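The values are calculated or read from the model by the stated rules, or taken from the named source; none is laboratory data. A quick note: this is a predicted structure, and the numbers were derived from the prediction, not measured. Cβ sites come from the backbone with ideal geometry, for glycine too, and all protein chains shown count toward neighbours.
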Amino acid sequence: MEDFLITCPFSLEYLKKKNRAQEVREWRQIGMAWYAMEYNTITKAGQFFNRDHSTVIHSLKRISERNFDKSLDEKVNSVLECMEFDVEFPMDSGTQEVNSLIYLEKLIKKKLALVEK
């Protein structure tokens, strides 16, 4: 969650408020997805952001399909750039970014598979 909070231009309290502006909504979706993955519960992520668990599920789906939304894709990538992954061999930044994206996609798909059961 630290990587998200460092990158997000809005305060956590602002994201928790009701606001449907696209910029705020997208950052909130990313935050909910990160919270759900980090703390392993969709319900708690919803409660943390003052939303329902179904909103968190929607956020996970939006992020997993972010290729269709350039604005959301750029935000997710900015958070991924902050993330540090433990690797056993040196990689150039392009390879590390690809590995980060693959890691994120696997986490989201795993979380969605649990929810859809």
- Query: Does Met37 meet the test of being part of a helix (DSSP H, G or I) and touching a Ser or Thr at 6+ places or on another chain (Cβ under 8 Å)?
  - Reply: no
- Query: Among Val98, Val115, Val79, Val56, which is the only one that is at negative phi, at pLDDT 85 or above and either of a type in the set (Gly, Ala, Ser) or part of a helix (DSSP H, G or I) (or both)?
  - Reply: Val56
- Counting only residues in the range 5-40 that are surrounded by fewer than 16 Cβ atoms within 10 Å (Cβ to Cβ) and of a type in the set (S, T, N, Q), the one nearest to the chain's Cα centre (by Cα) is identified as Asn40
- What are the residues in the range 1-41 that are polar (S, T, N, Q) and on the phi < 0 side of the Ramachandran plot, if any? Thr7, Ser11, Asn19, Gln22, Gln29, Thr41
- Item | Matching residues, the range 24-40, being modelled with pLDDT under 85 and either among the polar types (S, T, N, Q) or more than 17 Å from Phe4 (Cβ to Cβ) (or both) | Asn40
